[in-house]
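Structure, as structure tokens:
The numbers here are math on the coordinates, done by the rules we state, and not lab data. What you see is a predicted model; the values in this text were computed from it and never measured. Quick reminder, even Gly has a Cβ in these numbers, built from the backbone with ideal geometry, and neighbours come from all protein chains shown.
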Amino acid sequence: MRRNLRLLPFGIVHAAALVLVLQALPAGAQTSAGKPSAGQPPAGPIGPGKSAPAMPETSAPAPVSPASAPSATPAASAPAKKDAPSTSTSATPLPLRSRAYYHFALANQYEEQAGQGHPELVDKAIDEYKLALKADPGSAELDTALAGLYFRGGRTDEAIAAAQDLLKSSPGNVEAHKLLGRIYLRQLSEGQNATHAAPSANALDKAIAEFEQIVVIEPRGVEERMILGQLYSVKHEAKKAEFQFKTAQSLEPASEEVVLNLCRLYADSGDFENSAKVIEAVPEAERTAKMEGALGEAYDQLKKYKQAIAAYRSAAEMEPGDLRTVDALAQSLLSDNQLDEALKQYQMLLKADPDNSGALIRVAEIERRQGKFPEALETVRNVLKKEPENLQAGFTEGTLLDAMGRYDEAAAAYEKMVELTAHFNDVYSDEEKSNRAIFLERLGAVDRERNKTALAIAAYQKMIELGGEQAARGYQNQVDTWREAKQYDKAVEVAQKAVAASPKDRELKLVLAGELMDSGKTDEGLALAKGLLAGTAEDRAVWLALGEMYVRARRWSDADDAFNKADALSTKPEERTILLFTRGEWAERQKQYKPAKRYFRQALKLDPDSAMTLNYLGYMMADRGKNLSEALDLIQKAVQAEPLNGAYLDSLGWVYFKMGNYELAEENLRQAVERDASDPTVHDHLAELYSKTRRIGLAAAQWEISLQQFAKTTSAEIDPAEKARVQKKLDDARAKLARQPGGNKN
């Protein structure tokens, strides 16, 4: 009798064991010639490499079952046939090996009934295993079975002790290692579920140690390599995890589980290129729907939306009607600006579930992009009627109201969300902090648009009180708010507070360095930034910041040198994108338009959806009156990505002005002035529009505001020649107004 005792659940008892129990129960039954007697086990080892000795044909006494023992089955309690020969009344003890089989079989019977609603029989099963081991103390299989029963019965410490004792005498016992590995896996799972925190490092290390032993003993075990790879992933040992997953892949190349785990490993580390390559290497005919879905996710992260769409469509063909795939496809279509196609997919989701709030909110986003603001607002408010505490819907409502210029209503919408996310004890989970910070940040932005600086600062202060990453963003927003209000001393003061609160935060120190420089303390700011250089890969951010500081100081050669050093440390596509953008700005500020254009186009090849690059390149072309149709397309994409950005709206109004579409120019330039009232260039552009449409008085008023803002702005941010041009235009406008009959000031 040979059975696999590895991690058997309650109630799984092999037929051979049941037969053995039934044979042992009748007293005095004889066997026919050539067959074992009732008490004799069938031939075969009970433990590895062990054979039961031959036994004489003796009868075995029927065990006297206590009241709590399992009831006899009909076969076991059937009376002996009348013609059966009588048996000896003498009780001959069972040989040790047979006795081991006997108690082993009883243990199985108790275990089965324990799993059928009699947990009190677990102890009896354990006792029977111990008796079996007493009869056959060298049986590793019995030791493993007992340890497994301890584990299944919730007696974890005894299970661990039993398995560890077995490994002392049999270090290569793979079943004992597997049992210990699963015990530690359960502890990890229970620890996570109980605390919602990171897994116990002790249990994690122990689980890893066991599975490391298992893959040495069974090197072709794919399942165990997958578990070990996942454990390494939890411990953030990506290289070790990758090795296990790749080894598993070499053993089972077409395994969906193996491919998806390797794909996920790369994705979790942000390496979406390799994540996609794992699935791309699988022939299309062998890919599953889940593989195509994972490939679509990788392409989404790489912003290769058309390829993501193709992958999701393939997954949808394999599993028609899978709503998760429909949702992912719809989002990719939306990201690719295929609004009508995205709307069709969301309508499919709504057909399946009319109350799908996520789909309704996306429909509102599509309506917003289509310029249907009232319809979008109605859609999202329908969600809020049913789910007044839906945070995503509340955020969308505030964004729509803000985009429509209904600033007070937008502020009220965000304030409601801030209240919903507030805890009286100010204790928040990481997710709650993130949500609350988003609403506070948007509330502060609307307050800035309403020129309510104090309210904006107060909103950002609540972000600071959340601590961590939210605090850093809160400080940065306060700095930007004071800069926008032209109160540079207060911007420096906030930056100094931020550094004092987080003295190890390099980014905040770089913010302070920039503020010191812009406030006229150039040498002090540069010294602070240079002091952060450590001769490591992290110097990239410092060199980039230094380059930007040199650009503002018009030290072009120093900026070039800093960017070169940052370039040598840039390895990721997003790092290259940012560097190319700053290079483009560096060239444009020097009036070197051809290289600037080249840098911006290279940046867009790496990130076609970068709003800041789209806007800068489009504005540069529009300002020079070049390629206006392309400039319009670029800027429209930027505005679509960030519809509330005043600088982007100014660019859109300016390109319309250059194209002679004065109505659309005025609409967008007015919005830009509302959202970015402290920017002298925005006022200059609106004044140009008024002048072109013969409203000289309005033009003069805007040029006056522009000059006022120039006067308040730090010298690092203005071009003296531009300020002089605005002054001349104001003088000319005033002269025209003076010549108008009747003193008409319009």
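Normalised by 2.2 N^0.38 Å, with N the number of residues, the alpha-carbon radius of gyration of the range 324-414 equals 1.05. Taking 17 Å as the straight-line reach from the Cα of residue 416, the lysines in range (excluding those fewer than 8 positions away in the same chain) are 385, 386, 433, 462. Here the label points at residue 505 and residue 430, each 7 Å from Cα along the C-beta direction, are separated by 1.7 nm in the simple model.
Distance cut-off 31 Å, Cα to Cα: go down the list 490/658; 509/594; 504/605; 452/597; 591/729 and report the pairs above it.
490/658; 509/594; 504/605; 452/597
Across the range 526-532, rounded Karplus estimates of 3J(HN,Hα) from the backbone phi angles (6.51 cos²θ - 1.76 cosθ + 1.60, θ = phi - 60°) give 5, 5, 4, 5, 4, x, 8 Hz, Gly and Pro being marked x. Percentage of Cα-Cα pair distances in the range 631-685 greater than 12 Å, rounded to whole percent? Tail of the P(r) past 12 Å holds 57 percent of the pairs.
If the Kirkwood radius is taken over C-alpha pairs of the range 497-584, then at 25 °C and 0.890 mPa s the Stokes-Einstein diffusion coefficient equals 187 µm²/s. Here the gap between residue 454 and residue 674, fully extended at 0.36 nm per residue and compared with their Cα-Cα distance, gives a gain of 77.4 nm.
To one decimal place, what Kirkwood hydrodynamic radius in Å is obtained for the range 242-332 from all pairs of distinct Cα atoms?
It works out to 13.0 Å.
Our coupling estimate for the range 616-623, obtained by passing each phi through the Karplus curve with A = 6.51, B = -1.76, C = 1.60 and θ = phi - 60°, is 5, 5, x, 5, 4, 5, 5, 4 Hz, Gly and Pro reported as x. Couplings 3J(HN,Hα) for the range 377-391, derived from phi with the Karplus relation 6.51 cos²θ - 1.76 cosθ + 1.60 (θ = phi - 60°), are 5, 5, 4, 6, 6, 5, 5, 5, 5, 8, 10, x, 9, 6, 5 Hz, where x marks Gly and Pro. Label-to-label distance for residue 302 and residue 537 is 2.1 nm, based on points extended 7 Å past Cα in the beta-carbon direction.
In this structure, residue 641 and residue 190 have a Cβ-Cβ separation that, at R0 = 60 Å, corresponds to a calculated FRET efficiency of about 0.85. Here the range 635-743 has an Rg and Dmax of 14.2, 48 Å, counting Cα atoms alone.
If Lys and Arg each add +1 and Asp and Glu each add -1, what is the summed charge of the other residues whose beta carbon sits under 12 Å from the beta carbon of residue 658?
After counting each charged neighbour, the total is +1.
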